[in-house]
Structures are given as C-alpha cells and as structure tokens.
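Student: My questions all concern the structure below.
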Amino acid sequence: MKEVRVGICGLGTVGGGTYNVLTRNAELIAGRAGSPIRISRVASRRRRDDIDLGDIPFSNDIFEITKAEDVDIVVELIGGYDVARELVLTAIENGKHVVTANKALIAVHGNEIFEAAAKRGVIVAYEAGVAGGIPVIKAVREGMAGNRIDWIAGIINGTGNYILTEMRAGRAFDEVLREAQDKGYAEADPTFDVEGIDAAHKLTILASAGFGVPLQFERAYTEGISRITPYDIAHAELLGYRIKHLGIARRRENGIELRVHPTLVPQSHLIAQVDGVLNAVLVDGDAVGQTMYYGPGAGDEATASAVIADIVDVARSVAAESQQRVPYLGFEPSALENLDVLPMEDIQSAYYLRIQALDRPGVLAKVASVLSEHGINIESIMQKESELEEGKIPVIILTHTVQERQINRAIEELEALSDIQEKVVRIRAENFN
C-alpha cells in the first residue's frame, strides 16, 4: 500500500488535536483510508511541550511544508486570511493537496483557491471549517446530491448560542460574555462571534455547497446579539418562542437569501432545544425533507475529527492515483449558478417588535394603524400594566410574514410618533415549515 504523507501547519488547539488523533488512531485510520497515513512534518510558530513529536521534523517556517518532497497533503490550521491564503496557494502551486479548517479563508478567498486547485489538479477539502466536528458539508455535497436544497439554517457559532442560553436565566449580555471569555468559549475580542461574522463565513460556505453558487461572503447580512436583552428573551418565551442566533440561506426564484441575525424559533422545534456551545444545522431538500445535524461546533478533537475525515478522503485518491473527486462546492464548475444574494429588504419574515410607548389613550390604535397601512397583520400583542414605569409601557407585537421593506417603513413611521419613545426593537421570526 502506498503511504500518504501529511504535513501539519499550525500546532494550536486544532493542530494539536489533529496530531493526537492521527497518531492515536493510526491503525484504524489506515484501515479506512486503504493506506498508511504518516505525519511527515510539522511547522508552527512554536513547539508545544505537551506534544511529543518524536523524530518528526519540526520547523518554525510553515512554508517549508509546501515545498517538501515528503509531503502529499498540506494541512492548514493556522487560521486568518492573508498568510493562510499565501500558504494554501503556494501548496497548490507545488502540487500539494490541501486540507483546511479555516472557514474565513474559504468564505473570502475560496473562489480563487478552488480555481487554482482545479488548474493544478489537486484537492482542497474544508469540512472542518463549518460546524466543527459535524460532517454537514459531506452531508450536503454527497449525502443530499439527489436533492434540490431549498433552505439551510443553523446555530453555527457556539459562543453566541452559549450567551443566549445563559441569558434565559435573566442574566445580562455583558455578564454572560465575560463568563464565556473566562471559560475559553469567547476570544478576548469577541466581535467575530457575537456580531455574526464567524457564522456568516460558515453560512457562505454552506449556501454555496447547497445551492451551487459561487462564494459571496461580502454580500452576507450580519447582525449580532449584543442588543438582545433578558426582557426580550423572556417575552419571546411567553409567546412560545426561543431566541437563537441563526444563519439562514434560502433559495428564491430571483436569488438567494444569505443572512445571520437573532431569530425567534418556535419552542417546539428541535433547533430551539440546542443549548450551550453546541451547533445544529437544518437542511431542507425536496426529496428527503427536513434534516438536522447536531453536535460540537468547536474543540480540539471534535474539529480534528472533521480534519482527519478530509485527510482520509484525500488519501484514498492519492493512494489510488485517482482523478475521481467530489467537486469543491459539490457542483462541477460549469454547473454553478450566478444567483445574486438578495438585499435584506427583499427577504420575508415574521417579526417581533418591542415598542416603548407612552401610557396614553389611543396609542395602540395608532400603532395598529401604522402597521395596517403597510400591509402588516398582527398575530399577537402583549402589554402588561405591571410594566408601566415613568409613564411608559412596553408593547410587544408579533406580526405575520411580510417583506422586510414593509417593516422598515413601518418602524420608521412608528419611531416618528410623539407617543413612541426610544428605538423600536425588531427581531425576525422563522417557523421552518
């Protein structure tokens, strides 16, 4: 059997997990790959005292691995945009296959990387970039190859999910974020997690693999969770909903929706039960219906599980000297559709509105009139006298499904009313029927 040689670039959390699992389960992995897989080189900014590399050559120069003759697969686990892009493109130029866990790299530079890989005839695999150890890319590209996928939605950032889960106990956002940082769930700079950028990277990749469109991260709409309050979470629960930070991609006749934002989900839905740092992805296909993929979205060995699954796939092709490969985005390049990402004004959703109103006669009638003028029907309305404070009272409204442009215009008019104080809080709601 031909031996397949792997060079690991980056020995951080995922790099260390990948090294440990590859060495610990070497015999089992070889049996599945059909050939021995050997780590021939490791490169990282620094060595790790807790990992015994034995006689494996180590270097502080990650680019050495892209040139080494004893490397068939370059495993990129350094993260980031620019250096990772240069590393991957150099590896491809040198005829190396690439496995990466870098969702930001694929979402932003994937089109360029896949084009270069196709010209050079090498594989670029990226399962670990989306939802950690959950094999959702393989499910979408291969397991659902016979389906027209209509929509994909998911909790694809564990930090945000942990924060919203803990806030259900009445705790403030800032307090829970500090706790998440102390536990290592959130970075010192949590912007990518709490503002939806990390989830938008992953959603961009999922949408491209699901719909057969080029990667379009720059068009994704992102909205974070920092403005969500325990009040909104509690009142959503009273209405039968739970607030989750979701990525949603949906195919429309004239384009696709690509959006990340806080979302009300019915409490009875499976995805509403996914708590803490766990991830879950829903995929709806015309043949199979609605499916859900659930599990750890991060972590050393959980993510390493997906990295190694990609290594095994590539190793099978290398060992067999086969040209038969799954297309990078699940579709042959000639079959990719140039569907535009629709502007947010064109999306359709139901809406939760929190309106801070003065306690005056006729205010509710004015609010209802403004919504009616914009073709917005009210599903439910909630106002509690016990919440009256300083002459102001919150009004909670849940609407039927309308276009975003309708709700935008209505909110603009509501905020112009003298009876309405502060900005209107708006949270989109989805039923996933």
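Student: Please work out which one of (1) of a type outside the set (S, T, Y); (2) buried (at least 16 other Cβ atoms within 10 Å of the Cβ); (3) not assigned by TED's automatic domain parsing to the domain that holds L203 is the condition E321 fails and give its number.
Tutor: With (1) of a type outside the set (S, T, Y); (2) buried (at least 16 other Cβ atoms within 10 Å of the Cβ); (3) not assigned by TED's automatic domain parsing to the domain that holds L203 applied to E321, the lone miss is (2).
Student: Suppose we filter A272, A306 for residues that are farther than 24 Å from P214 by Cα, hydrophobic (A, V, I, L, M, F, W, C) and not assigned by TED's automatic domain parsing to the domain that holds I407; which single one remains?
Tutor: Of A272, A306, the one residue that is farther than 24 Å from P214 by Cα, hydrophobic (A, V, I, L, M, F, W, C) and not assigned by TED's automatic domain parsing to the domain that holds I407 is A272.
Student: For the subset of the stretch 268-318 comprising residues that are over 14 Å from V130 (Cβ atoms), touching an Asp or Glu at 6+ places or on another chain (Cβ under 6 Å) and not β-branched (V, I, T), which member is surrounded by the fewest Cβ atoms within 10 Å (Cβ to Cβ)?
Tutor: This residue is Q290.
Student: Could you tell me whether the stretch 184-192 includes any residue that is in a loop (DSSP other than H, G, I, E, B) and aromatic (F, W, Y)?
Tutor: Yes: the stretch 184-192 contains one or more residues that are in a loop (DSSP other than H, G, I, E, B) and aromatic (F, W, Y).
Yes or no, residue by residue, for (1) farther than 22 Å from V312 by Cβ; (2) in the same structural domain as D310 (by TED's automatic domain parsing); (3) surrounded by 15 or more Cβ atoms within 10 Å (Cβ to Cβ):
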| position | (1), (2), (3) |
| --- | --- |
| G16 | no, yes, yes |
| V21 | no, yes, yes |
| I39 | no, yes, yes |
| D50 | yes, yes, no |
| I65 | no, yes, yes |
| G80 | yes, yes, no |
| T90 | yes, yes, yes |
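Student: Say we look at the stretch 124-178 and pick out the residues that are of a type in the set (V, I, T) and more than 18 Å from the chain's Cα centre (by Cα); which of these is nearest to Y293 (Cα to Cα)?
Tutor: Residue satisfying both the conditions and the ranking: V124.
Student: Can you give me the ranges of the strands (runs of 3 or more DSSP E) entirely in the stretch 2-121 with at least 1 residues that are of a type in the set (D, E, K, R)?
Tutor: 4-9, 37-43, 73-76
Student: Let me ask something additional. Output the number of the condition that T229 fails; it satisfies all remaining conditions of (1) within 17 Å of the chain's Cα centre (by Cα); (2) surrounded by fewer than 24 Cβ atoms within 10 Å (Cβ to Cβ).
Tutor: (1)
Student: Counting just the residues of the stretch 375-417 that are touching a residue at least 60 places away in the same chain (Cβ under 8 Å), surrounded by fewer than 17 Cβ atoms within 10 Å (Cβ to Cβ) and touching a strand residue (DSSP E or B) at 6+ places or on another chain (Cβ under 8 Å), which one comes out farthest from T291 (Cα to Cα)?
Tutor: M382
The values are calculated or read from the model by the stated rules, or taken from the named source; none is laboratory data. A quick note: this is a predicted structure, and the numbers were derived from the prediction, not measured. Here Cβ is always computed from backbone atoms with ideal geometry, including for glycine, and neighbour counts include all displayed protein chains.
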